[in-house]
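Input: a single structure, listed below in structure tokens.
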Amino acid sequence: MSIVLEAKHINKYFKKPVLFHVLKDINFQVKKGEFASIMGKSGCGKSTLLYILSTMDTDYEGELLLNNKLITNQSRDHFSYIRNKHIGFVFQFHYLLSEFSVLENVMLPAKKLAEKSHEEIEHDAFEKLKMLNIAHLAKKRASRVSGGEKQRIAIARALINNPSIIMGDEPTGNLDSHNAENVFNIFKKLSDEQRLSLLIVTHDEDFANKTDRIIQMADGKIIS
Amino acid sequence: MTNWNVILNIAKTHLLTKIKQTATASLGVTFGIGSYITLVCFMTGLNAMLDNLILNQTPHIHIYNEIEPSKKQPISLYDNVGESFNVVHSIKPKISQKKIHNALPIIDHLEKNKDVRGALPQVKTQIFYIAGSIELGGNLTGINPIDEARLFNMGDYIVEGSTEALQNTDNGILLGIGIAKKMSLKVGDRVQVSPINGGVFPLKIVGFYQSGIADLDAIQSFTNIKTIQRILGKANNYITDINVKLYDIEQAFPLSKKIEQQFKLTAIDIKTANAQFETGTTIRNLITYAVSITLLIVAGFGIYNILNMLIYEKMNDIAILKATGFSGKDVQLIFMSQAMIIGFVGGVLGLLIGFGLTSLIDTIPFKTEALPTVETYPINLNPMFFVIGFSFAMLSTFLAGYLPSKKAKKIDPVRIIRGQ
Ligand SMILES: Nc1ncnc2c1ncn2[C@@H]1O[C@H](COP(=O)(O)OP(=O)(O)OP(=O)(O)O)[C@@H](O)[C@H]1O
Ligand SMILES: [Mg+2]
């Protein structure tokens, strides 16, 4: 089975306020279609790791491979392109552009990528919204929908460019159990049906137990 | 590869949802550009008017015979004393030097020069005006009235009567308005003039002359060149001055030097004669630009401030855009386009307002004794000012937008996302 994401000997230090070794020799792989979760105590470095994996943070030591290609030490513009095309990111807090409509929010990364026509992009965005049962919200302003709805809109946006991997930092962190269940089912379906790889940080034991694999972290190290 | 559609769309949405700030920033530019256009059109209009007051009626080159003692005294021509040391006391100039020798051939020669629009002869003399018991000293200048009107806008300075009337009347005189007031004379009356070397000649008043310079109007009158030659008892080749008008005023200085050398006459070019005028113009321009640039800088700071605020408010949006694949450059372009849109809208409005205001000023009556030809406040609607104003609006908004947008480019999305 092909490997989508691979981390080799990742080390990260925070230099301020005092030198602090956050991530210590992180090594792991995520395979195609694999649904992996990361667990660990608060402050053990999960978010920090995710920012590095998503190429937003470039200040680290070690190597990162996406689809078996080394992507460490590339230009910033190239990282932007990689995030745009290959990585979908879902935050804990529903990060949407509040002044734009739901549909526009979903379409934006595809418009940036500019591989498809406007009509195709709009069609795709509708499909993603439909799949997440929120197509009726398409024309609403992003600031006028509920938290659970926003979370699903953010997932739709992460999916719009058919990325290689979806990363989530506690995407169900502030959802009620019903909505959390709903989001899990969506992820599960994506990984089963579309062979999408997922790497989700979570504190929710039930959520993690249902995933293919749990990566346990403690003190900046992977322990299992 | 930049996707302008997306970038402009985001910029537009930002501006429209913050319409109040957008309007404030644009109005700052509008105000700056509007005042610049108004100021510069009005000031340069004023400059042109003041310049015309002097320059229109001033020849580009004035040729005459300076009264000065001969450089070579007759004794030095005498060979017998060639070896000795001569001292001549109390040298006086000859009076006959006033006349320009061979004036008519010189005029012909000048008229053939392709830089010269026209060369007009004049006869200047001092006379007394006599009406009843009053005697006033003054100048009488003999001219070719129609040519003077054509080349030196003589017609603008005639308040009653016309140059044609002077041309067609034998023994006619165009009297300075100051003299007419002092002697309470009307058009059609007779005034007697007496040249310095004697005799009294009655002349018929065909009109009044008003230059706007009171001292001049109190002494200066005009008549036909033939008339004055008769009064002075001189032949028709008696010419004291030649006034030259050129196509290009910049040629005045070199040509005047050439004439001086060629004909051994004094030739003064307009720049030398009116140097103080240029200084006034320069200083007024300086003030205009200083004020306008200050206004635009203030407007620029307004834009800078508002964009800074906008970027602060949009930190989240910037982080999202960057996390979903927009590059730093894209983000910078989004905010730069906002600045440029503000500059464009504000600039165009400013041009319109400036145009409106100047058009309004152009209709306000402005009557003054000193300027007989001026009816309303002078406005110089030069398209160049509009081009400069617009470029300045774009430039200042570009500079005002550059720093904040550069900051937006550098924002680290991780820091914003963590901060939530
Ligand atoms: N900018 C920073 N400068 C210095 N230390 C930092 C910075 N950001 C995070 N840290 C520290 O790094 C460690 C790891 O932080 P991180 O956010 O990755 O934890 P986490 O595992 O995601 O925790 P949680 O489950 O609470 O989200 C923490 O101890 C935190 O205090
Ligand atoms: Mg975290």
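Points worth noting:
- Conditions (1) among the charged types (D, E, K, R); (2) within 10 Å of chain B (Cβ to nearest Cβ); (3) surrounded by 23 or more Cβ atoms within 10 Å (Cβ to Cβ): number failed by residue A:111: (3)
- Residue that is nearest to the chain's Cα centre (by Cα) [pool: residues in segment B:111-130 that are surrounded by 18 or more Cβ atoms within 10 Å (Cβ to Cβ) and closer than 19 Å to residue B:219 by Cα]: B:122
- Residue A:69 more than 12 Å from chain B (Cβ to nearest Cβ) and more than 10 Å from ligand 1 (Cβ to nearest atom): yes
- Extreme residue, nearest to ligand 2 (Cβ to nearest atom), among residues of segment A:61-74 that are in contact (Cβ under 8 Å) with a residue 24 or more places away in the chain and in a loop (DSSP other than H, G, I, E, B): A:67
- Among (1) closer than 29 Å to residue B:60 by Cα; (2) modelled with pLDDT under 90; (3) of a type in the set (Asp, Glu); (4) out of contact with any helix residue (DSSP H, G or I) (no Cβ under 7 Å at 6 or more places or on another chain) - the single one residue B:148 does not satisfy: (4)
- Within segment B:321-353, being closer than 16 Å to residue B:27 by Cβ, buried (at least 23 other Cβ atoms within 10 Å of the Cβ) and hydrophobic (A, V, I, L, M, F, W, C) holds for B:339, B:342.
- For segment A:154-182, a residue qualifies if it is more than 21 Å from residue A:51 (Cβ to Cβ) and either more than 14 Å from every other protein chain (Cβ to nearest Cβ) or in a helix (DSSP H, G or I) (or both), and the qualifying residues are A:156, A:175, A:176, A:177, A:178, A:179, A:180, A:181, A:182.
- Segment A:187-217 - residue that is surrounded by fewer than 18 Cβ atoms within 10 Å (Cβ to Cβ) and assigned to a helix (DSSP H, G or I) and, of those, nearest to ligand 2 (Cβ to nearest atom): A:205
- Filtered residue count, segment B:219-267, keeping only those that are assigned to a strand (DSSP E or B) and surrounded by fewer than 20 Cβ atoms within 10 Å (Cβ to Cβ): 1
- The residue of segment A:38-65 that is nearest to residue A:198 (Cα to Cα), among those that are away from ligand 1 (no atom under 13 Å from the Cβ) and touching a Ser or Thr at 6+ places or on another chain (Cβ under 7 Å), is A:64.
- Here residue A:92 fulfils each of the conditions (1) away from every other protein chain (no Cβ under 14 Å); (2) within 15 Å of ligand 1 (Cβ to nearest atom); (3) surrounded by fewer than 22 Cβ atoms within 10 Å (Cβ to Cβ) apart from (1).
- Residues that are in a helix (DSSP H, G or I) and either hydrophobic (A, V, I, L, M, F, W, C) or at pLDDT below 85 (or both), drawn from segment B:151-176: B:151, B:152, B:154, B:155, B:156, B:157, B:165, B:166
- Residue within segment B:387-409 that is within 29 Å of residue A:85 (Cα to Cα), more than 16 Å from ligand 1 (Cβ to nearest atom) and within 11 Å of chain A (Cβ to nearest Cβ) present: yes
- Checking A:27, A:84 one by one, the residue that is away from ligand 1 (no atom under 16 Å from the Cβ), part of a helix (DSSP H, G or I) and at pLDDT 90 or above is A:84 and no other.
- Cβ pairs under 6 Å, 6+ apart, first in segment B:1-26 and of a type outside the set (Gly, Ala, Ser), second not in a helix (DSSP H, G or I): B:3/A:114; B:13/A:99; B:17/A:99
- Of all the numbered requirements in (1) at the interface with another protein chain (Cβ under 10 Å from one of its Cβ atoms); (2) crowded, with 22+ Cβ neighbours inside 10 Å, residue A:151 misses one, and that requirement is (1).
- Elements of type helices (runs of 4 or more DSSP H) contained in segment B:1-114, each with 3 or more residues being within 14 Å of chain A (Cβ to nearest Cβ): B:4-17, B:19-55
- Residues of segment A:17-60 that are more than 16 Å from ligand 2 (Cβ to nearest atom), more than 13 Å from every other protein chain (Cβ to nearest Cβ) and not hydrophobic (A, V, I, L, M, F, W, C): A:17, A:21, A:24, A:25, A:27, A:29, A:31, A:32, A:33, A:34.
- Being touching a helix residue (DSSP H, G or I) at 6+ places or on another chain (Cβ under 9 Å), within 14 Å of chain A (Cβ to nearest Cβ) and without any contact (Cβ under 8 Å) to a residue 24 or more places away in the chain is a property that residue B:325 has.
- Every test in (1) under 33 Å from the mean Cα position of the chain (by Cα); (2) closer than 29 Å to residue B:225 by Cβ is passed by residue B:39 save one, and that test is (2).
The values are calculated or read from the model by the stated rules, or taken from the named source; none is laboratory data. Keep in mind that what you see is a predicted model, and the values were worked out from it rather than measured. We place every Cβ from the backbone using ideal geometry, glycine too, and count neighbours over all the protein chains shown.
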